[in-house]
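Have a look at the structure below, then the notes.
What follows is calculated from the coordinates using simple rules that are stated; it is not laboratory data. Quick caveat: nothing in here was measured; it's all calculated off a predicted structure. Here the Cβ positions follow ideal geometry from the backbone for every residue, glycine too, while neighbour counts run over all protein chains shown.
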Amino acid sequence: MSTVTPPLPYRVAETRTETADTRSLELVPAGRELPPFAPGQYAMIYAFGVGEVPISVSALHGPYGGLVHTVRAVGAVSTALHDLRPGDTVGLRGPFGTGWDLDAAVGQDVLVIAGGIGLAPLRPVVHAVLDRPDAYGRLGILVGTRTPGDLIYQEDVERWRGRAEVGVTVDRPGPGWQGPVGVVTTLLDAFALRSDRTHALVCGPEVMMRHTARALMGRGLAAQRVQVSLERNMRCATGHCGHCQLGPLLVCRDGPVVGYDRVERLLAVREL
Amino acid sequence: MTELPPPLDLLPLVQRERLLAVGLDVSFPAGTRLFDEGGEADRFWLLRSGEVALDICVPGRQPEALIETLGAGQLLGWSWICPPYRWHLGARTVTPVEATEFPATDVLALCAADPELGYALMRRFIEVVAGRLQATRIRLLDLYAPHGSGPP
Ligand SMILES: Cc1cc2nc3c(=O)[nH]c(=O)nc-3n(C[C@H](O)[C@H](O)[C@H](O)COP(=O)(O)OP(=O)(O)OC[C@H]3O[C@@H](n4cnc5c(N)ncnc54)[C@H](O)[C@@H]3O)c2cc1C
């Protein structure tokens, strides 16, 4: 049985500004190291004196060999993490949660669909698939953001264009934007989805994930072929406190990544 | 050729052929104004490649406010189906576009002569319009804004 262990000190090796409110941090162990993370798993990151929040791993190995996390400043703790500088220290617990089930997708097309900061937990999936191109079929990467300036990992996305079918759409185009405008599901029309051999991995705001899952199912993809990453408020990360309960699931332990067939009905229920 | 991208590929084969018989293959360079808001809505297009921007005039705002883009595999134009048969939005090609163009009078005549085709086609268009309505509702939520789904 998992227990709550004290956080290990990690040092910020590098920070990278992604957008106006989002930054990536590469963290290296200041002493003992946590076990390896898998794509889709998250760490509890403790900003000393402020608090601890769950943040997904957004790259398994940064330039310094450390874990990369991408943080959007939305409240006290995430702002404290966002504002960290190289050399600062945080406390880290993990790895926690279920990762993306990439084994299920071996030999099949992988379709990554992200909304906003939801691209962060999916970036390690893109890395994993691009590292083993022979193991998978086509790779589709569809991203929706609010404005062109809100797209995280812009350089990565440009690089991926040569090796995957990439689409980026925005809700509000700025001057000079030449790309698609509209919700992310509109990009599905340009992706020739093979419903019998595709696994879709979806992460974004919950409404976006439900809408996307339904659009995929409308195109013949079975709910079992759709994985979503849930974002419920969580505290202990070890299935003890019940903070993140969703029906029979404790998102911190049974999630965050779950098959849509398991949560379809739970997500539509109010105040569960 | 009876191949049609979604959403028309689901029409039964015979009807697909009949519909395609009235379609014209067209191409437009980037920056072509396809129609203006308020103009007579007398046709629709099935986009095969390229990107089209839908826009609306807002006083004092230049260029027009861009609402949404449509691309390969999508239907452009449904204002020809219902009164007042005027375009609700304007449309301009963002990139070179290849499409099949369907004149509304021909298609409506086909539908009148073959109600089964009319029914199947209207169902496809309802699906398209419902999809766009749903997408619009979702964009109204401004989900990616901080606290996008509402105040905390
Ligand atoms: C498994 C998991 C992985 C996550 N991965 C990332 C990540 O990679 N990058 C990242 O920036 N964030 C991620 N989050 C969200 C992050 O944990 C929250 O933004 C953070 O907890 C907010 O804490 P705060 O003290 O900064 O803000 P608070 O003051 O606690 O909250 C500020 C605002 O954010 C809202 N909020 C808080 N937590 C969440 C949440 N979990 N989901 C949606 N809204 C929330 C609150 O309702 C409030 O409106 C993840 C969450 C989970 C559960």
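Suppose we keep only residues that are within 14 Å of chain B (Cβ to nearest Cβ) and surrounded by 16 or more Cβ atoms within 10 Å (Cβ to Cβ) within segment A:78-97. Which one would you say is farthest from the ligand (Cβ to nearest atom)?
A:82
So, in segment A:1-29, exactly how many residues are surrounded by 14 or more Cβ atoms within 10 Å (Cβ to Cβ) and more than 16 Å from the ligand (Cβ to nearest atom)?
Count: 7.
Being away from every other protein chain (no Cβ under 13 Å) and polar (S, T, N, Q) is the filter here, so list the residues in segment A:129-182 that pass it. Let's see the steps before the verdict.
Quick first cut of segment A:129-182, residues away from every other protein chain (no Cβ under 13 Å) only: A:129-141, A:153-164, A:166.
Within segment A:129-182, just A:154 meets the criteria.
Which of (1) over 21 Å from residue A:260 (Cβ atoms); (2) buried (at least 21 other Cβ atoms within 10 Å of the Cβ); (3) touching a Phe, Trp or Tyr at 6+ places or on another chain (Cβ under 9 Å); (4) within 8 Å of chain B (Cβ to nearest Cβ) does residue A:208 not meet, given it meets every other one?
(1)
Hey, can you tell me all the residues within segment B:76-86 that are at negative phi, surrounded by fewer than 20 Cβ atoms within 10 Å (Cβ to Cβ) and part of a loop (DSSP other than H, G, I, E, B)?
Those that are at negative phi, surrounded by fewer than 20 Cβ atoms within 10 Å (Cβ to Cβ) and part of a loop (DSSP other than H, G, I, E, B): B:78, B:81, B:82, B:83, B:84.
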